[in-house]
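Below is one structure, written out as structure tokens; the observations come after it.
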């Protein structure tokens, strides 16, 4: 499916990937030697690299050591591990919506009850989350932060408050956290019920390697280790990730570039009549097209231009997202292609005048 899409579309701006390959092909052969050997089942070398990365890049994370981390074959495996290791069948989890659809699917796989809580597209409210957790007796809450697909952000202070005023496990999915400029990792030190999940798929451009990891109190890590598959990370993936993390300058530069691209996109989009633009702290922006006719015209125009974005127009999507478009930010040049098509589509249908 993905291979077919890559051949059909010039721009794939629907899954929030890095637009370029960060791997130095000249070093690749040397990096992946030893494929006849089993990898280190605990991934100690990679966990050491990741712990160092977190200490270098996240304020208040100087306490993080390798023993605070567990690796997963993508962050989805880590999320599943948390449900399997810390909850019992029949326990309830709270999922504020709209958010990442994988949370509900993982709950179904692990036979966990799901309690949904609807929010608007502007973001989650800590007071309402606290009230809902306490009222429903939810054992765990998933918080995508920045939230996918809206880009909204909940401060570390708010997350700390939720932990202080409830008894639930707070699982903060920071897949896009590198773009936010703030993390809740520092909150773990004072509250072991907070678990942070991160990935190398977004800001580090290693989506194909499937490297996810959690950061938690050592007591939580100890409870989860027995539920982890022995060789869940490919030795090839681990070796390449370690090599890429030797120099994180490229990622720091990429994150700064994305911050500028994002601000430019938000500045331009907020001037367009006929759409609503939502604040974002991620590497994507979400807009809502006010007219169904204009939404259809934009869809046809982008398809004709060979540009794929994330459309929310299916029954499987949260109702509040219908009419929305999520656009991956890759560069100013790519965004301007989208922007010009958007403006032309809106003008053709007179959407900019709300007709």
Boolean, residue 96 is crowded, with 20+ Cβ neighbours inside 10 Å, assigned to a loop (DSSP other than H, G, I, E, B) and assigned by TED's automatic domain parsing to the domain that holds residue 215: no
So in segment 294-339, with the set limited to residues that are more than 22 Å from the chain's Cα centre (by Cα) and assigned to a loop (DSSP other than H, G, I, E, B), which one is surrounded by the most Cβ atoms within 10 Å (Cβ to Cβ)? 305
Is it true that some residue in segment 67-85 is assigned to a loop (DSSP other than H, G, I, E, B), on the phi > 0 side of the Ramachandran plot, surrounded by 18 or more Cβ atoms within 10 Å (Cβ to Cβ) and not assigned by TED's automatic domain parsing to the domain that holds residue 322? yes
Given the conditions (1) surrounded by fewer than 19 Cβ atoms within 10 Å (Cβ to Cβ); (2) more than 21 Å from residue 233 (Cβ to Cβ), every one holds for residue 29 apart from (2)
Out of contact with any strand residue (DSSP E or B) (no Cβ under 7 Å at 6 or more places or on another chain) and at pLDDT 95 or above: does that describe residue 317? no
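Yes/no matrix, rows are residues, columns are (1) part of a loop (DSSP other than H, G, I, E, B); (2) in contact with a helix residue (DSSP H, G or I) (Cβ under 7 Å, 6 or more places away or on another chain):
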site	(1), (2)
100	yes, no
104	no, no
108	no, no
116	no, no
121	yes, yes
124	yes, no
128	no, no
131	no, no
141	no, yes
Flagged in segment 166-184 as over 25 Å from residue 253 (Cα atoms) and part of a helix (DSSP H, G or I), in numbering order, are none
Can you tell me how many residues within segment 211-225 are surrounded by 21 or more Cβ atoms within 10 Å (Cβ to Cβ) and either part of a loop (DSSP other than H, G, I, E, B) or not assigned by TED's automatic domain parsing to the domain that holds residue 60 (or both)? 1
Only one residue in 166, 136 is at pLDDT 95 or above, under 28 Å from residue 89 (Cβ atoms) and touching a helix residue (DSSP H, G or I) at 6+ places or on another chain (Cβ under 6 Å). Which one? 166
Among (1) touching a strand residue (DSSP E or B) at 6+ places or on another chain (Cβ under 7 Å); (2) on the phi > 0 side of the Ramachandran plot - the single one residue 34 does not satisfy: (1)
Give me the residue from segment 235-286 that is over 17 Å from residue 332 (Cα atoms) and in a strand (DSSP E or B) and, out of that set, nearest to the chain's Cα centre (by Cα). 277
Do we have residue 61 as buried (at least 20 other Cβ atoms within 10 Å of the Cβ) and assigned to a loop (DSSP other than H, G, I, E, B) here? yes
Inspect segment 226-234 for any residue being at pLDDT 95 or above, surrounded by fewer than 18 Cβ atoms within 10 Å (Cβ to Cβ) and more than 30 Å from residue 36 (Cα to Cα) and give the result as yes or no. no
Restrict the check to segment 185-195 and report whether at least one residue is surrounded by fewer than 22 Cβ atoms within 10 Å (Cβ to Cβ), without any contact (Cβ under 8 Å) to a residue 40 or more places away in the chain and outside any loop (DSSP other than H, G, I, E, B). yes
Single unsatisfied condition, residue 219 versus (1) at pLDDT 95 or above; (2) closer than 22 Å to residue 16 by Cβ: (2)
A careful count of residues in segment 49-58 that are touching a helix residue (DSSP H, G or I) at 6+ places or on another chain (Cβ under 6 Å), assigned to a helix (DSSP H, G or I) and in contact (Cβ under 8 Å) with a residue 24 or more places away in the chain gives 1
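The values are calculated or read from the model by the stated rules, or taken from the named source; none is laboratory data. Computed from a predicted structure; not experimentally measured. Cβ atoms come from the backbone with ideal geometry, glycine included; neighbour counts cover every protein chain shown.
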